[in-house]
Ligand code: ADP
Ligand code: ZN
């Protein structure tokens, strides 16, 4: 095939007319023997970047990938297109593996996919020494990062490839946008000198929207009925229990909604995933166990009933919508409870101080994203180091601008109520005190005698919840890891002392917009 060019290969083998984005530059770089670090969002077309050089360069391209199912799919479709491809992982019999290994050593394979743990075995390393090598491709390269969300220890050893085979070009690919993870990846894989190819992470066809959660199931139902009555989509929940109850509730309302979480039998999971991919109008209700390696182009919405723990996860999960480039929705319901819960979880979690500090920063960014009044897309991309010059016009805050209000006095009342009641209660009780309610708990604690009792009648209960939510999200209140109760911190003080002003976002009242908000 040496007379082939990247263009003819693209056309003859893959059936595509033109390269996308910087695919061509990446391919040329590998063909001329250079290393590459490729940062491209999911669906951007990373696979071709190593498949085409693998086909065109003499010898075998060894592709390291942690996703067995994906490996098999790719190899199958490559074979159907006449490419000499194979894979080596635990699903093969010994005889089958031997066959692939033999062909590889004899230079009869274009591409061999291999799981990282197998790559590092002495046996495979020995085979590599005898194989004519075209290149190494390291897919899902962020797995090497300990700060990332799916750290895999086997990836740490991949640097050996650089030491043992310095003359073989290497390409590492990821859809991870987190700048810290990117740097760590380059370091650990010995690719700091590699040419970098960074694509835009913008997904312009995805419409970001975050609503204040009050009746989550009902809100989800409204969203689906009004905008996605006949579509496929994913609903993410935090717990297995909620996955099941939500799937049941949606089924009850006439949707085809299938649960997916790690606690279900393997067979059920596989079947539900299969139906989601092949059937139409299927909603999968899942924990975050679902999604990695799922390549379904026409997912019309991703809905979150619980908040992801950071923006990387949010980006990755919402990114499963609209791979086909057509309009899709990223919809999320978010509440004070989510903010409190995530802060509490983090503080009671294991891990070094440094680890927690980074996780806190990430959570702050996530909560801040929920509360912003500016363009969400600009904020999301800015977090990943990318500048979007003008507001996008395709997110909730662009489409219906959010009003803000001067709330310094209210913030002071909210904070001082925490202080006066001993810094151990959650929002429910604090709001009762502010509103001057005569609950048993207030009577029992004698909180009808504190100075903040009944001083907050100017706001409704929902408005006070919004105030507390924004204070927690903004880090002006700390959450007790054990009890979930609120206490003051160093950021509360300047507000209490009147040294700092506070502005709040005015939560849009949940009026039904009907067709106006519906799909384009
Ligand atoms: P990633 O690994 O970046 O998520 P893939 O390599 O799986 O993306 O590619 C996503 C989809 O885009 C696949 O269906 C692939 O065949 C298609 N694709 C990739 N490059 C091109 C291209 N140049 N023209 C048309 N389709 C492409
Ligand atoms: Zn916008």
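Nothing in this text is a laboratory measurement; each read-out follows from the coordinates by a stated rule. Keep in mind the model is a prediction, meaning the values are calculated, not measured. Note that we place each Cβ from the backbone using ideal geometry, even for glycine, and neighbour counts take in every protein chain shown.
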Per the C-alpha gyration tensor (a ≥ b ≥ c, the square roots of its eigenvalues), region 249-331 is rounded if a/c is under 1.5, else prolate if a/b beats b/c, else oblate; here it's rounded
Dividing the mean separation of Cα pairs under 8 Å (6+ apart) by the residue count of region 205-297 yields a relative contact order in percent of 33
Descending packing, highest mean Cβ count within 10 Å first, for 173-182, 406-415 is 173-182, 406-415
Using alpha-carbon positions, the gyration tensor of region 12-88 gives root eigenvalues a ≥ b ≥ c; with a/c under 1.5 called rounded, otherwise prolate if a/b exceeds b/c, else oblate, the class is rounded
Residue 98 and residue 419 label points (each 7 Å along its Cα→Cβ direction) are spaced in nm at 7.8
Taking Cα atoms, the helix 240-252 axis meets the longest principal axis of the chain at an angle in degrees (rounded to 10) of 90
Here the gain from full extension of residue 348 to residue 11, 0.36 nm per residue of separation minus their alpha-carbon distance, amounts to 115.9 nm
Given 365-371, 218-224, 58-64, the highest-first ranking by average Cβ count within 10 Å works out to 58-64, 365-371, 218-224
Taking Cα pairs closer than 8 Å and at least 6 residues apart, the relative contact order of region 40-173 in percent is 30
Taking the alpha-carbon centre of each part, the distance from region 161-194 to region 367-391 in Å is 28
Taking Cα pairs closer than 8 Å and at least 6 residues apart, the relative contact order of the chain in percent is 12
Bridge orientation stat for the chain from DSSP, antiparallel percent rounded to 5, came to 10
In whole angstrom, the spacing between the Cα centers of region 415-431 and region 223-277 equals 38
From the Cα centre of region 96-124 to that of region 9-39, the distance in Å is 24
Descending packing, highest mean Cβ count within 10 Å first, for 159-167, 298-306, 84-92 is 298-306, 84-92, 159-167
Between residue 499 and residue 126, the FRET efficiency computed from the C-beta separation at R0 = 45 Å comes out, to the nearest 0.05, as 0.10
Classified through the alpha carbon gyration tensor (a ≥ b ≥ c as square roots of its eigenvalues; rounded if a/c is under 1.5, else prolate when a/b is larger than b/c, else oblate), the chain comes out prolate
Rounded to the nearest 10, the angle in degrees between the Cα long axis of helix 353-371 and the longest principal axis of the Cα atoms of the chain comes to 70
If one compares the long axis through the Cα atoms of helix 266-278 with the longest principal axis of the Cα atoms of the chain, the angle in degrees, nearest 10, works out at 80
Between the modelled labels at residue 195 and residue 266 (7 Å from Cα along Cα→Cβ) the distance in nm is 4.3
